[in-house]
Amino acid sequence: MGNTPPSNLPFLARVGVALRCFWLALTRPEFARQARAWLGAGVAAAPATSAAVPPETTQAPALHLLGLLQREGRLIDFLQEDIAGFDDAEVGVAARVVHAGCRRVLTEGLTLEPALREPDGTAVTVPAGFDAQRIRLTGNVAGSPPFRGVLRHHGWVATAVQLPTRSPALDPRVLAPAEVEL
Amino acid sequence: MPRYSIGIDLGTTNCAVSYFDLGEADGRREQTMLAIPQLTAVGTVEARPLLPSFLYLPNEQEFPAGGLGLPWDSQRSGTVVGEFARTHGSQVPMRLVASAKSWLCHSGVDRSSAILPWQAPADVRRVSPLEASARYLTHLREAWDHQFPDAPLATQDVVLTVPASFDAAARDLTRRAAEQAGLPQLTLLEEPQAAFYAWCEAMGAGFRKQVRPGDVVLVVDVGGGTCDFSLIAVTDRAGEVELTRVAVGDHILLGGDNMDLALAHAVHARLTAAGKKLDAWQFNALTFACRQAKERLYEDPKLTRAPLVVPGRGSALVGGTLKADLERSELEQLLTEGFFPRTTATDRPQTARRTGLAQIALPYAQDPAVTRHLAGFLTRQARALAEAHEAPLDVRGQAFVHPTAVLFNGGVFRASPLKQRVLEVLNDWLAADGAQPAKELGGAELDLAVARGAAYYGWVRQGHGLRIRGGTARAYYVGVETPMPAVPGVSPPVKALCVAPFGMEEGTQADVPPQEFGLVVGEPTRFRFFASSLRREDRVGTLLESATDADDLEELAPLETTLPATANNAGELVPVNLQAAVTEVGTLELRCLEQGGAGQWKLELNVRMKD
């Protein structure tokens, strides 16, 4: 920090300075304060810039889907509301709104098919080399396939996805804008 | 060489595009509707088969930057077309343009000046009915070009449909809208004809088993906003089946939207009586819910009622939601009896008396009864056909034209009870007039048929299928003032000179024989212009004594032309003859031909004024 051009310190001398700075910063708050100012805003900002991409950017499609379910089916309104004080009839009426709207999002945006075609409750055989993603085994899982069992839930698979696209120019955190009537 | 034949249904409430690969025409059986990307919310683009014909003109600060982007233009701003325009516009009606197509055939207003949104406040930018239509077509063209960059729409064979009831002026405006949208080359086709073509294509070879020479097909097309009737005769000429479009109905602004509104008003009245208040937003939601409940009830005849739920507008959903039921009895009372009542063939639609201070607005049908409009159409046409010598139909002894088959079109008829009712009423009339009952031509597609039929027509035009003949569905006349001494308060009588006869075919022209007109060089010359959908007998040159008293003549927007003046002939009188031509596009063109000279001037339809 002088006006004279700096000459390179030998490595061991630099280690000495570093350790001394470390110690002074640790024991003297005033030194630590000045050192931070001297190092500039870069140090303070460093943790933020070095952090990974914010989750709302990587998860933007998930937020978008949530926004769609809110727009069409008022899902967030429904889940955020305290329903303890309402009777079942009132909850039921609101559930119709949620059901009709969210169902529209599902049917228009996805093609859903069961993972196994048989109806729930039928006896099924799980062959060797089955797809462990599509079939979950429960109960007495012993031995090796083929397994005999009863289908408890046929599962769901989205065989086609045609959800609307969303402009990257918009903030994905806004799930529903505030509405102001003029 | 165009690769595709493309049918565009530019509807009052929805547009659709169907296409037909001309290279593999025989193999076409799968659905070939263009998926139209459009905004469904801010920043959200979805591709849908229908583009709602709504245009929203946003405030500059209303939406975030990039929020109105489209796949082919991420920075788009300024206007919104389609689903988001419809849903958002219903909450901001003063910035929403709807039913532009109905304005396009409304001769009481200036159709090329910026008048829409109708009665919008001064700071809202406005557009003309012409421009609004051009915007929808532009969106369709951009969507097509985005999907088929190797075959731009402007280079393909495009067929654009118009209501059969569109007159020469409305057709010309539609052509101009297409031109503005970058589609200078296209062909116009009447919607009921397109529906019939779609049916023919769907039937394939079975078509000839269902209709035979002697059949008269009535096309009943009830869309979202309009009702359109046409009669198509099946005749035999030297062993070949021939199809002729015999007559078309008037433009009736009455459709499925009226029906949804009728239901919403009825439910609203019940809710209000129970002390519940709905704001405008909730009323919209109620109308939407009514449409869905209606569709459910019509789909499942076992249901006696369908629930309607209207969420509150605030974030409190539970407790803020209103519930009502739509009863089947209500549906039957309001829709079947209200819009399709059992009437007699002699009933006529009621027309309300216009009060002196009536606002200029869209001329909505005063009578909601589709059956009465139908009776009026069939009776009027029977009289007109009886007077014609070479009518393609024999209507002797018929009080009204007797259809032998009915083809339904338009989303309204997804409700089979409504189709049933129309058939019952028609067959009651036929029985009373001593005729055989008409049958329904089944297998029609209703919603997308017009676009599909239009695309198929492109293929038919290349000589592959049976073409419907018919020509113009009206005769056209210009007004000729009779010289008489000036009398204060009495305007000279106007005679009507027939310039284009009924049934004039595309690509033909007709010279108006001896009548001579004088055009003043350098000054605009105007002709009054009339049309008739009933006078089938008049030939070119026929002179009707009084144009203004004839009740079968309808005055259209005037025609106008100006001869460009040169240095020394300004003010001179140039004698001209008139010539009419029906273009290949399907529009009517009138020209002035200089007598004994080479001069030729087009008469423009002046859509600005109608006195």
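The values are calculated or read from the model by the stated rules, or taken from the named source; none is laboratory data. Bear in mind the structure is a predicted one, so any value in this text is a computation, not a measurement. Ideal geometry is used to build each Cβ from the backbone, glycine not excepted, and the neighbour counts take in all protein chains shown. To get the accessible areas, we keep the full protein, side chains included, count just its heavy atoms, and leave off ligands, DNA and RNA. Shrake-Rupley method; radii C 1.70, N 1.55, O 1.52, S 1.80 Å.
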Checklist entry - Any residue at all in the stretch B:166-183 that is farther than 30 Å from B:Ala500 by Cα, open to solvent by less than 10 Å² (accessible area, probe 1.4 Å) and in the same structural domain as B:Gln91 (by TED's automatic domain parsing)? => result no
Next on the checklist: Here is a check on your reading of the model: is A:Leu65 open to solvent by less than 40 Å² (accessible area, probe 1.4 Å), in a helix (DSSP H, G or I) and either modelled with pLDDT of 90 or more or at positive phi (or both)?
Outcome noted: no
Item to check | Among the residues listed as B:Val92, B:Val80, B:Val127, the single one being within 14 Å of chain A (Cβ to nearest Cβ) and surrounded by 19 or more Cβ atoms within 10 Å (Cβ to Cβ) | outcome: B:Val80
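For (1) part of a loop (DSSP other than H, G, I, E, B); (2) out of contact with any Cys (no Cβ under 6 Å at 6 or more places or on another chain); (3) among the β-branched types (Val, Ile, Thr), each residue gets a yes or a no:
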{"residue": "B:Ala114", "(1), (2), (3)": "yes, yes, no"}
{"residue": "B:Tyr136", "(1), (2), (3)": "no, no, no"}
{"residue": "B:Asp145", "(1), (2), (3)": "no, yes, no"}
{"residue": "B:Thr161", "(1), (2), (3)": "no, yes, yes"}
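Per-residue answers, yes or no, for (1) open to solvent by 70 Å² or more (accessible area, probe 1.4 Å); (2) in the same structural domain as A:Leu110 (by TED's automatic domain parsing); (3) within 19 Å of the chain's Cα centre (by Cα); (4) over 24 Å from B:Gly43 (Cα atoms):
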{"site": "A:Thr138", "(1), (2), (3), (4)": "yes, no, no, yes"}
{"site": "A:Val141", "(1), (2), (3), (4)": "yes, no, no, yes"}
{"site": "A:Leu151", "(1), (2), (3), (4)": "no, yes, no, yes"}
{"site": "A:Trp156", "(1), (2), (3), (4)": "yes, yes, no, yes"}
{"site": "A:Pro168", "(1), (2), (3), (4)": "yes, no, yes, no"}
{"site": "A:Arg173", "(1), (2), (3), (4)": "yes, no, yes, no"}
{"site": "A:Ala176", "(1), (2), (3), (4)": "no, no, yes, no"}
Item to check | helices (runs of 4 or more DSSP H) fully within the stretch B:366-463 counting 1 or more residues that are more than 27 Å from B:Gly503 (Cβ to Cβ) and within 25 Å of the chain's Cα centre (by Cα) | outcome: B:370-387, B:416-432
Item to check | Restricting the stretch B:495-534 to residues that are open to solvent by 50 Å² or more (accessible area, probe 1.4 Å) and within 21 Å of the chain's Cα centre (by Cα), the residue that is modelled with the lowest pLDDT | outcome: B:Glu506
Next on the checklist: Being open to solvent by 40 Å² or more (accessible area, probe 1.4 Å) and under 22 Å from B:Ala365 (Cα atoms) is the filter here; which residues of the stretch B:96-124 pass it?
Outcome noted: B:Gly108, B:Trp118, B:Gln119
Item to check | So B:Asp236, is it in a strand (DSSP E or B), crowded, with 24+ Cβ neighbours inside 10 Å and not assigned by TED's automatic domain parsing to the domain that holds B:Glu505 | outcome: no
Checklist entry - Inside the stretch A:107-182, counting only strands (runs of 3 or more DSSP E) that do not spill past its ends, which hold 1 or more residues that are over 26 Å from A:Ala62 (Cβ atoms)? => result A:123-126, A:147-150
Item to check | Total residues in the stretch A:96-111, condition in contact with a strand residue (DSSP E or B) (Cβ under 7 Å, 6 or more places away or on another chain) and facing chain B (nearest Cβ under 8 Å) | outcome: 2
Item to check | Subset of the stretch A:93-107 (residues that are open to solvent by less than 70 Å² (accessible area, probe 1.4 Å) and more than 12 Å from B:Leu317 (Cβ to Cβ)) | outcome: A:Ala100, A:Cys102, A:Arg104, A:Val105
Next on the checklist: What's the total number of residues in the stretch B:37-77 that are part of a loop (DSSP other than H, G, I, E, B), touching a residue at least 12 places away in the same chain (Cβ under 8 Å) and more than 12 Å from chain A (Cβ to nearest Cβ)?
Outcome noted: 6
Checklist entry - Which one of B:Asp157, B:Asp123, B:Asp145, B:Asp73 is at pLDDT 95 or above and in the same structural domain as B:Gly23 (by TED's automatic domain parsing)? => result B:Asp145
Checklist outcome for this item: Only one of B:Thr187, B:Thr155 is open to solvent by 20 Å² or more (accessible area, probe 1.4 Å), within 19 Å of B:Tyr19 (Cβ to Cβ) and of a type in the set (Val, Ile, Thr), namely B:Thr155
Checklist outcome for this item: The residue that is nearest to the other protein chains (Cβ to nearest Cβ), considering only those in the stretch B:339-354 that are touching a helix residue (DSSP H, G or I) at 6+ places or on another chain (Cβ under 8 Å), of a type outside the set (Lys, Arg) and surrounded by fewer than 17 Cβ atoms within 10 Å (Cβ to Cβ), is B:Pro341
Next on the checklist: Would you confirm whether or not the stretch B:268-275 contains a residue that is of a type in the set (Lys, Arg), surrounded by fewer than 16 Cβ atoms within 10 Å (Cβ to Cβ), more than 30 Å from B:Arg372 (Cα to Cα) and more than 12 Å from chain A (Cβ to nearest Cβ)?
Outcome noted: no
Checklist entry - If you scan the stretch B:239-252, which residues turn out to be open to solvent by 10 Å² or more (accessible area, probe 1.4 Å) and either in contact with a helix residue (DSSP H, G or I) (Cβ under 6 Å, 6 or more places away or on another chain) or of a type outside the set (Val, Ile, Thr) (or both)? => result B:Gly239, B:Glu240, B:Glu242, B:Asp250, B:His251, B:Ile252
Next on the checklist: Suppose the filter is open to solvent by 40 Å² or more (accessible area, probe 1.4 Å), at pLDDT 85 or above and of a type in the set (A, V, I, L, M, F, W, C); does B:Leu573 pass it?
Outcome noted: no
Checklist entry - Tell me, which residue of the stretch B:297-316 that is outside any loop (DSSP other than H, G, I, E, B) and surrounded by 14 or more Cβ atoms within 10 Å (Cβ to Cβ) is nearest to the other protein chains (Cβ to nearest Cβ)? => result B:Val309
Next on the checklist: Any residue at all in the stretch B:380-390 that's aliphatic (A, V, I, L, M) and in contact with a His (Cβ under 9 Å, 6 or more places away or on another chain)?
Outcome noted: yes
Next on the checklist: Residues to consider are B:Arg171, B:Arg111, B:Arg176, B:Arg135; find the one that is modelled with pLDDT of 95 or more and of a type outside the set (A, V, I, L, M).
Outcome noted: B:Arg135
Checklist entry - Across the stretch B:210-224, what is the total count of residues that are in contact with an Asp or Glu (Cβ under 6 Å, 6 or more places away or on another chain) and in contact (Cβ under 8 Å) with a residue 40 or more places away in the chain? => result 2
Item to check | Criterion (of a type in the set (A, V, I, L, M), within 14 Å of chain B (Cβ to nearest Cβ) and closer than 25 Å to B:Cys290 by Cα) met by exactly one of A:Val91, A:Val174 | outcome: A:Val91
